[in-house]
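Asks: Input: one structure, supplied below.
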Amino acid sequence: MALDPKELRNFVIALGLGGLTGAAIIESHRDEAAKSQAEREDPGGCEWLCDVIWDLLEDWESEDCESEDDYTDDLVGYLRRELRNVEAPDDGRRIRVEKRVRTDLGIPDIIIDDRLVLELKLGPHEGEKDRLIGQCCKYSVEWVTWALVLGMSRKKARQLVKLLQMKSLHYIEVIEFDLFGENDDPGEDE
């Protein structure tokens, strides 16, 4: 029985599409597994909240603080003021901003509406960066998790992001704040 070139072409296309579909399914399962419980339960609500908080973080200008705890307090106060009149679109309730609440997964710096965790680190050295990654990994099981690094050089922040990506922890957002107006280290390479 001779093989029809048209049938062979259709078979190759079907095989290729099947492979792409299989890869997409595997990637979808991987992405789904990386989602927090909050994202799986309310993807639209989490997306809305993250957009709101992202915009607020872009506008946050902290006072000069002495410690990480002081920056956390300043950010909590700012978020509470800005979210005072904001209501969740699904049920109209106010958005809660909680500070250092004990949970089964640890004590996150800030929990917003039981959907988003902000973990702050001020000029973290290597040990603190390692601790930050561990904390964010734990918190990301339950909530969308963002690492806020304050006073870290751009180079070190990029290295942190790269490390998270290499370890498939890309779902942990790293947000850097330049506290001193000099985000780059002197003489650092781009």
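Asks: Output the residues belonging to the range 38-66 that are open to solvent by less than 40 Å² (accessible area, probe 1.4 Å) and not in a helix (DSSP H, G or I).
Replies: Residues of the range 38-66 open to solvent by less than 40 Å² (accessible area, probe 1.4 Å): 38, 45-46, 49-50, 52-53, 56-57, 60, 62, 65.
Trp60, Ser62, Cys65, listed by residue number.
Asks: Does the range 67-77 hold any residues that are over 14 Å from Phe177 (Cα atoms), surrounded by 14 or more Cβ atoms within 10 Å (Cβ to Cβ) and touching a residue at least 24 places away in the same chain (Cβ under 8 Å), and which are they?
Replies: Of everything in the range 67-77, those that are over 14 Å from Phe177 (Cα atoms), surrounded by 14 or more Cβ atoms within 10 Å (Cβ to Cβ) and touching a residue at least 24 places away in the same chain (Cβ under 8 Å) turn out to be Asp73, Val76.
Asks: Of the conditions (1) at pLDDT below 90; (2) open to solvent by 10 Å² or more (accessible area, probe 1.4 Å), Arg115 clears all except one; give me its number.
Replies: With respect to (1) at pLDDT below 90; (2) open to solvent by 10 Å² or more (accessible area, probe 1.4 Å), Arg115 is out only on (1).
Asks: While we're on this one: Criterion first (within 19 Å of Trp146 (Cβ to Cβ) and under 17 Å from the mean Cα position of the chain (by Cα)) does Val117 satisfy it?
Replies: On the way: within 19 Å of Trp146 (Cβ to Cβ): yes; under 17 Å from the mean Cα position of the chain (by Cα): yes.
For Val117, the condition - within 19 Å of Trp146 (Cβ to Cβ) and under 17 Å from the mean Cα position of the chain (by Cα) - is met.
Asks: Continuing with this model, one more query. If we keep just the residues of the range 78-88 that are within 21 Å of the chain's Cα centre (by Cα) and open to solvent by less than 50 Å² (accessible area, probe 1.4 Å), which is modelled with the lowest pLDDT?
Replies: The residue in question is Ala88.
Asks: Taking the conditions exactly as written (open to solvent by 40 Å² or more (accessible area, probe 1.4 Å), more than 19 Å from Thr72 (Cα to Cα) and either in a helix (DSSP H, G or I) or in contact (Cβ under 8 Å) with a residue 12 or more places away in the chain (or both)), does Asp91 satisfy them or not? Outline the logic, then answer.
Replies: Details: open to solvent by 40 Å² or more (accessible area, probe 1.4 Å): yes; more than 19 Å from Thr72 (Cα to Cα): yes; either in a helix (DSSP H, G or I) or in contact (Cβ under 8 Å) with a residue 12 or more places away in the chain (or both): no.
In short, no.
Asks: Here is a follow-up. Restricting attention to the range 141-157, which residues are assigned to a helix (DSSP H, G or I) and either surrounded by 15 or more Cβ atoms within 10 Å (Cβ to Cβ) or touching a strand residue (DSSP E or B) at 6+ places or on another chain (Cβ under 6 Å) (or both)?
Replies: Within the range 141-157, the subset assigned to a helix (DSSP H, G or I) is 141-142, 154-157.
Listed by number, the residues that qualify are Glu142, Arg154, Lys156, Ala157.
The values are calculated or read from the model by the stated rules, or taken from the named source; none is laboratory data. For clarity, every value in this text was computed on a predicted model and none was experimentally measured. We place every Cβ from the backbone using ideal geometry, glycine too, and count neighbours over all the protein chains shown. The accessibility values were calculated without ligands, DNA or RNA, using every heavy atom of the protein model including side chains. Shrake-Rupley method; radii C 1.70, N 1.55, O 1.52, S 1.80 Å.
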